[in-house]
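What follows is one structure encoded as structure tokens, with my remarks underneath.
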Amino acid sequence: MGTWLADFRIDFRRGARLLRKSPGFTLAAVLTLALGIGATSAIFSVLHSIVLRPLPFPNAEQLVWVQEVNQSTGRTRPPTIEVHEAWRKQSKSLLDVGTGITGGVDMSVTGPAGATRLSFGGIALDTLSILGTRPILGRWFERDEVTVEGDTAGTLVISYDLWQSWFNGDPNVIGKTIPGWDAAWGRTIIGVMPPDFWVHPSMAKVKGWFAFNVARFPNGRSQTLARLKPGVDRAQAEAELTGIATNIEAASARGADAAEWRIRLQPLHDVFTSNYKDTLYLLLGAVGFVLLIAAVNVANIQLSRSVTRQAEMATRVALGAGRGRMIRQLLTENVLLALIGGLLGIAVAYVGIWLFVALAPGFYPPSQDIAIRPAVLLFTFGVSVSTGILAGVFPALRVSRPDLQEALKQSARGGGSGVRQGVRRTLVVIEVAMALVLLVGAGLMINSYARVMRVDMGFRPDPLLTMEINLSGLARYRTRHNAAHFSVTPQVTEFYREVMERVRALPGVRSVGVTSGLPPRESDTFPFRIVG
């Protein structure tokens, strides 16, 4: 072992010395590898942060998303609240079960910088207890705070970001209210969540949470979140929950098709990452091709450079150097090159992550989670070493077996052998082939994008301009009747009528309209059942 380390140090120093003697070659190879390794590390960093890393909840592997699946059609639906409560009381497989994430609301409030718009998330009362994350100040909601209508109307839990930006991290924030929030919708702050806390990626930007107790609506259905007991198999839990649900449904008016439905448990991690992983694995494959092209390019440069090293190799063979010793020396040089490229590639990866977030800001809402972590650095190191070996193994095999007579002839002629020229041409063909694959893939993606942009939406979107107005935080626009019900005042109609008249009077405006939702997104939805 000691001898091997000593030989490695000798090879490393000799390789570093040779690289310093060829600054042009070294710079070209390092930049080529840095771009390939950096691009690969950037996409892997995004993949690791979004897909491969565990969810930011304690014992997240126990969290599951619960749905009913029709065995005949494959259609899915959420269980009923009645079934939730039965699982809570009877299940031996679950530590806890409750309703999952609901929606949110945007509120107009007056903050330190004037009037602004904040997003607040509405989630189920028991969501936080199931996820296992605790506030860093104060507490979460309690069941006796929920009104008859189901909303924790008087209380609010805020985000760490809002606590810092609006209250300057005041440790006495508990008991205060949001400045400028109208009294009809006022809420008392009872807790502050940890930094970067979120309950669902789509709700990562919310500034606070209010809770609902959907158990007060037993005839409804709601998304279900549960935590398995340690060591419980998902299949075992599915069988138990299916039995309980079938008994409940069979005893109700909905029991006609109860036997056709089974319970399916999905890891919460898979549910949260399903919208991202296919795209990210595709991108990782694309940058992997770029890295292979870079490796082949460096191998080609090495073969070109080997012409000037024929005399050196021939001399070493004449002095008794074995082929294995020479291959190890040449591979050490390439790995050293790749490690330097990897160090520079980390800087490229930082820039790549910044570009990814800037060009696709809505791809993953908790974008602050995307970062270069120790696992990514380990991946970069492994990729660098592997790339160095890949780029160097073929040139090393060729250069480590020099023909002494041919070496003398080459030094006299100053050219490369026919065999070496053939190898270089082969590597060029490989580069072109991989580049062609990338170009074809890029062309197909561009074509798909162009087709999507040409889909007939049923109207002409090009001459249309839109704006969004939120009046929810202004007391004169709504009258609260109780904790969860309110009505808008006549001033709302007057406000929108005046807005439309003023906009209609602007030069170039042909018509004006007001709607609660823009196509193709859904607006308010009201489920219904067709009799018979």
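The values are calculated or read from the model by the stated rules, or taken from the named source; none is laboratory data. The structure presented is a predicted model; accordingly, all values stated were derived computationally and were not measured. FYI the Cβ positions are ideal-geometry reconstructions off the backbone, even for glycines, and counts take in every protein chain you see.
Structure values in brief
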item: The one condition in (1) surrounded by fewer than 18 Cβ atoms within 10 Å (Cβ to Cβ); (2) modelled with pLDDT of 85 or more; (3) not β-branched (Val, Ile, Thr) that GLU68 fails to fulfil; result: (1)
item: Breaking point among (1) in a strand (DSSP E or B); (2) modelled with pLDDT under 85; (3) hydrophobic (A, V, I, L, M, F, W, C), for TRP209; result: (2)
item: Exclusive hit being more than 30 Å from LEU282 (Cβ to Cβ) and modelled with pLDDT under 80, set THR466, THR493, THR479; result: THR479
item: Subset tally (residues that are in contact (Cβ under 8 Å) with a residue 24 or more places away in the chain, under 30 Å from VAL232 (Cα atoms) and assigned to a helix (DSSP H, G or I)) for the stretch 271-306; result: 4
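Listed here are the residues, each with its yes/no results for (1) β-branched (Val, Ile, Thr); (2) in contact with an Asp or Glu (Cβ under 9 Å, 6 or more places away or on another chain); (3) assigned to a loop (DSSP other than H, G, I, E, B).
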residue: PRO54; (1), (2), (3): no, yes, yes
residue: VAL64; (1), (2), (3): yes, no, no
residue: GLN67; (1), (2), (3): no, no, no
residue: VAL83; (1), (2), (3): yes, yes, no
residue: ARG88; (1), (2), (3): no, yes, no
